[in-house]
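Just so it is clear, none of the values below were taken in a lab; they were calculated from the coordinates. Note that the structure is predicted; figures quoted are calculated from it, not measured. All Cβ positions, glycine included, derive from the backbone under ideal geometry; neighbour counts span all protein chains shown.
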Amino acid sequence: MIRALKLEWLKIRNYRVFWILTIMYLLALIIIASGGMLLLEWLKSEGADFRGLNPTIVPIYDFPDIWQNTTYLATFVKILLAFIVVISVSNDITYHTLRQNIIDGISKKEYILSKFLFIVTMAAVSTLFLFMLGLINGSIYSHVWGVEYIFDEMEYLAVFFYEVIIYCSLAFLLSLIIKKAGFVIVALFLYTLMFEPVATTIMINAPVFKDGIAPDIAQFFPVKALNNLISVPFGRYIFMEIEDNLSIKVIAIATGWFAIYLTSIFLILNKRDLN
Amino acid sequence: MEKVLRINKLSKRFGKIQAVDKLDLDISAGQVFGILGPNGSGKTTTLGMILDVIAPTEGSFQWFGEKDTVEARKGIGSILETPCFFPYLTAVQNLRITAHIKQCGTENIDSVLRQVGLFDRRNDKFKTYSLGMKQRLSIGSALLSDPPVLILDEPTNGLDPEGIAEVRDLIRRITKKGKTIIMASHLLDEVQKVCTHFCVLRNGKKLHEGSVSETLGEINRVEVVAEEMTNLVTVIENFPGKRSFHENGSSLIITMNEGVNAADLNKHCFEQGIILKKLFTHRNSLEKEFLKILREND
């Protein structure tokens, strides 16, 4: 395990692009997780109000809601981590280092393991990072304090961790199929942030589809399946709805995709001749 | 002798093209084995299969009589066609990856880099290297774990004359260490200079297999012409160093015994009162044999 992970570490630790993307990602997490209060203060200065209330008292940083709020927002920048995976895999293909690694004495399984452990490590680091950001922001702004609040709803961090792993596995698979980093990044970007959201929104909301099975099918789309893992938390502040339960069905669909990605990665690499 | 590699009916088909066709090969420890063949004859595909990067359509192979090919590959230093390294890493950083995979420790890196003449450039990024330097780094990487077996695929491909000379010199030094080398090449001269055994492939089929010295063994031939051809024949008949001889137009071609050379023959004739007008030694090259083998199989 450590050996496989170290292989990946030797490849990227002196790679500038990796560090630039990592720093961008961590900065993005800081901005997203800590920018809420700035946004609320800006709203206040613009004269906005929530049912006559001062926006800055909206308890977005209260424990335990803070966990769902920050992890939900953080999933928007997971694409930066996926880019790191794409670049690392397509480098191995374009520089023929995947082939060289196999020739030098690892199995294809070990290769997959090295990339997968790298993904898990990145997911773990970002989850830990979010946890710390949550603790810091919570300790500054939370109106409640106490172990029973702080460590409640930690499952959102676990789900975030899982979601990042699945999404990066998709990036791994696409890189193996498409091979060229530029194409994969554009494809991943457009599909994740535009094509599928537009398609699923139409399927769910368009009057023609709304009453058929289209809205149900939309839940099975790969990006939608991941987005469903952590539901939009802000409804509770606007509509006073509470929607903070994790659904087993949603987790099952995401796990299904995860299994498909990993199996495809195995099948593709095992069948492929590395020229 | 200990078998290093046993290939059994190995075949690979790419769509309509039969790249390798039921190839059988046995390679023993200590051999320098050349795989010869025109471009597209299946040399690289064969090497790719025995290194597990190309999946065989049929057949099997076994390294060192073991089942585990992943472990076997750690004891094989390989260069397949092009050098494959990360352009953004230095020579040392790239070799650390190789050392990690081969589990051979990093202490050899400096000495290997000295051996291939890259020590002064060891901390420069791979992308700044010339093709010859890149090729030398891949040889260095193949030598890193001091493996008993080396696989070289067209090791001088794309190099300038100086680079070719450097790489050949390096190969010759390695062969002196008694390693088993499997080398694919279409440069016959190269194979003749370094190989002990060879096989010839064409369209994926093995046309010939044998040792270089046996194939070139009967080549110790001398062609002579004298004023008095009839006397010459008698003199030659009495020459103890000959194995056989025949007339070839206006000259005689004499096949000599092992260890006898043209000077011995010249001396013998002179002592018998025959002055040779012409004397050529025929040194048959592998090239001729190779073309002969290809022709015979047409």
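For the reader, a short list of remarks on this structure follows.
- DSSP H segments from chain A that extend 18 Å or more along their own axis, Cα-based, with Kyte-Doolittle mean of -0.5 or above: A:16-34, A:78-94, A:108-141, A:155-178, A:248-271
- GluC sites (Glu not before Pro) restricted to the range B:186-264 and DSSP loop, no more than 15 other C-beta within 10 Å: B:GLU218, B:GLU227, B:GLU228, B:GLU258
- Length added when fully stretched, B:LYS267-B:ASN39, from 0.36 nm per residue minus Cα-Cα: 77.5 nm
- Pair B:HIS246, B:LYS292: separation of 7 Å Cα→Cβ label points (nm): 1.1
- Under 19 Å from B:LYS176, Cα to Cα: lysines that are on another chain or at least 8 residues apart: B:LYS193
- Projecting the Cα atoms of B:PRO147, B:LEU232, B:PRO87 onto the dipole axis of chain B, where Lys and Arg carry +1 and Asp and Glu carry -1 at the beta carbon, places B:PRO87 farthest toward the positive end.
- Computed log10 I(q)/I(0) for the range A:2-271 at 0.08, 0.09, 0.10 Å⁻¹: -0.38, -0.48, -0.59, from the Debye equation with unit scatterers placed on every C-alpha and solvent omitted.
- A simple spin-label model places pseudo-atoms 7 Å from Cα toward Cβ; at A:THR94 and A:ILE20 they are separated by 1.3 nm.
- Contour excess over end-to-end distance, with Cα ends at B:MET229 and B:PHE280 and 0.36 nm allotted per residue: 16.8 nm
- When the alpha carbon gyration tensor of chain B is reduced to an equivalent ellipsoid, the three semi-axes, largest first, read 44, 24, 17 Å.
- Antiparallel beta bridges, as assigned by DSSP with both residues in the protein assembly as shown, represent about 65 percent of the total such bridges.
- The range B:81-165: C-alpha gyration tensor shape, a/c 1.5 cut-off, then a/b vs b/c: oblate
- Volume per residue of the C-alpha convex hull in the protein assembly as shown, rounded to whole Å³: 207
- Straight-line cross-link reach from B:LYS242 at under 16 Å between alpha-carbon atoms covers these lysines, not counting any fewer than eight positions away in the same chain: B:LYS267.
- Length available on full extension from A:PHE76 to A:ILE57: 0.36 nm per residue minus the Cα-Cα distance, which gives 4.3 nm.
- Whether the range A:142-240 is rounded, prolate or oblate, judged on the alpha carbon gyration tensor where a/c under 1.5 counts as rounded: oblate
- Straight Cα distances below 20 angstrom link A:LYS44 to the aspartates and glutamates A:ASP62, with same-chain residues fewer than 8 positions distant left out.
- Folded to 0 to 90 degrees: helix B:161-176 orientation relative to chain B principal axis, Cα: 90
- A helix-only calculation puts chain B at -10000 deg cm²/dmol for mean residue ellipticity at 222 nm, using -39500 (n - 2.57) for each DSSP H run of at least four residues, averaged over all residues.
- Taking every alpha-carbon pair under 8 Å whose residues sit at least 6 apart, chain B reaches a relative contact order of 20 percent.
- Distance between the modelled labels on A:VAL125 and A:MET1, one decimal in nanometres: 1.9 nm (7 Å Cα→Cβ projection).
- When the range A:81-164 is reduced to its Cα atoms, the Kirkwood hydrodynamic radius in Å: 15.4
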